[in-house]
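Beneath this line is the structure, given in structure tokens, with notes to follow.
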Amino acid sequence: MGLRKTIFGRQKVKSNTFIGGVAGTINTPSLLASKLGINVSRIKGYKIVGLDIQCQITGNYAAGGFANDTSITYFHDLDGLVNSVILGGFQYATNLTSVKIKNATILNSFCFRGTALIGQDCDFSSITSANIEAFNLLVPTSNSKISLPNLISIGSNAFSGHVNFSNNVTIEVPLSFKTSNSGLPHSALTTASLRAVVINYIGFTDNNSYNTEIGGYSNTYSNKGLFAQFFGVGSGAIVNYHNEGANLCFEILVNYNLRSFTSDSTITHFFDFDGRVLSIAWGGFQYCTNFKNIRVKNVTSLSSFQFRSSGLVFDNSDLSSVITVGTEAFLGCTSILFITLPLVTNLGGNSASNNVFTNIKTGATITVPIALQTINSGAPDGDLVYASGTRGATIIYV
């Protein structure tokens, strides 16, 4: 019996820890123990295989000690001894692609920041907490899908991407995070700092329902991560991303401020059916020559030059909550047929000014509250006087 268990008097040891690429600098058990912050007596059967090392480690421990180590390529804990990853434990280990820590529950802040993790070759199945910037600035060389099926807690910017992010990281989180913020998605999943990171909810299947439609934008962005980066929201705020004919359609789950589309000749309309848009960036659709209609029923203010020299027609639009209109908002809208502003109280900031409708299409119909008929010392607002007198507009007071 004794002979079967020993070779030359030494007990055979089965390795449970495999670390790639580090044999050039970690060539003794003592050096590895120092890296991991454990006693060297817990390391058995230390072996170097090419550039890799393998050994048996006894007892639980917190992994780490490899910050800025550009030689490490993988870290595999096959027996599940690692119970957490320390603060910054592997940050900027730029060649680290694979980590298997099947029983770990906590990823401390910055632990995998700047690494090249390929999630398909990782095991984070027991992680419950991903703390501040745990996966920040990932730089994988190929598509990476990191699944966190048991995640409970997300720190700020846990998954945030770099401005030059190459759009090849998908993070999967439990479905509960879709409504964990008082019925809205977790804020860390909707922040624009995610850039092109794709956030998917485990157990949710996209369908063809939508509350937002952008005309002319079908096939402009290949997935919701790239689109989210353009749109200025985190992709965790977007589900049901799909095309319908020439239009891009999706459901957005949060309220937001709409970005500027200045000089975009692709967009033909923007419809926000649920009133998620709270404001539009300054000059938001100016010079959008093919832009014809807009529906943003909860926007209360239009900026100066909001639709300047656009192709706005307004025959299928909704600006029903607008109260304030900035100077030259409709400047040069030579295609416009209708302008309906049933709640507006301020045109151009001054009732005597007359530049909101400068050079609009002759003969347009403008609908405004009856209060504007006498707001200018008993006369109509100056912008309406200009529109009717100079541009031949029909003014309807309601």
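The values are calculated or read from the model by the stated rules, or taken from the named source; none is laboratory data. Please read these numbers as outputs of a predicted model, since none were measured by experiment. Cβ: placed from backbone, ideal geometry, glycine included. Neighbour counts: every protein chain shown. Just the protein is used for accessible areas: all its heavy atoms, side chains included, with ligands, DNA and RNA removed. Shrake-Rupley method; radii C 1.70, N 1.55, O 1.52, S 1.80 Å.
Before moving on, here are some points about what is shown:
- Phi-based couplings in Hz for the range 324-335 (Karplus 6.51, -1.76, 1.60; Gly and Pro marked x): 10, 10, x, 4, 6, 4, 10, 3, x, 7, 7, 10
- Long-range amide H partners of N247 with built H, under 5 Å: G216, S218
- Annotation: for a label point projected 7 angstrom from Cα along Cα→Cβ of S321, residues of the range 341-371 with backbone N closer than 16 Å are 341-345.
- Per-residue SASA entry for T94, accessible area with 1.4 Å probe, Å² rounded to 10: 60
- Debye log10 I(q)/I(0) for the chain, one point scatterer per Cα, at q = 0.08, 0.13, 0.14 Å⁻¹: -0.57, -0.99, -1.08
- Take the Kirkwood radius over Cα pairs of the range 81-144, plug it into Stokes-Einstein at 10 °C and 1.306 mPa s, and you get 140 µm²/s for translational diffusion.
- Its alpha carbons give the range 1-153 an Rg and a Dmax of 15.8, 54 Å.
- Dividing the helix sum by the residues of the chain, where each DSSP H run of 4 or more adds -39500 (n - 2.57), gives a mean residue ellipticity at 222 nm of -2000 deg cm²/dmol.
- Rounded FRET efficiency, nearest 0.05, which uses the C-beta distance separating N207 from T394 and R0 of 41 Å: 0.40
- Short to long, the 10 Å bins of the Cα pair-distance histogram for the range 132-210 hold 18, 53, 26, 2 percent of all pairs.
- Computed 3J(HN,Hα) for the range 350-361, one whole-Hz value per residue from the Karplus formula 6.51 cos²θ - 1.76 cosθ + 1.60 where θ = phi - 60°, is 8, 5, 8, 6, 8, 10, 5, 10, 3, 6, 6, 4, glycine and proline marked x.
- Per residue, the solvent-accessible area of the range 241-339 (1.4 Å probe, heavy atoms of protein chains only, all protein chains present) comes to 36 Å².
- For the range 157-279, the calculated P(r), taken from all Cα-Cα distances in 10 Å bins from zero up to the bin holding the longest distance, is 14, 47, 34, 5 percent.
- Contour minus Cα-Cα distance for I48 and T70 (0.36 nm per residue): 6.1 nm
- Both radii were evaluated on the Cα set of the range 240-398; the Rg over Rh quotient, with Rh as the Kirkwood radius, amounts to 0.98.
- Highest GNM mean-square fluctuation among V82, V385, V233, for the chain modelled with Cα contacts below 10 Å: V385.
- By accessible area, using a 1.4 Å probe on protein heavy atoms only, the chain has 50% of its surface on carbon and sulfur.
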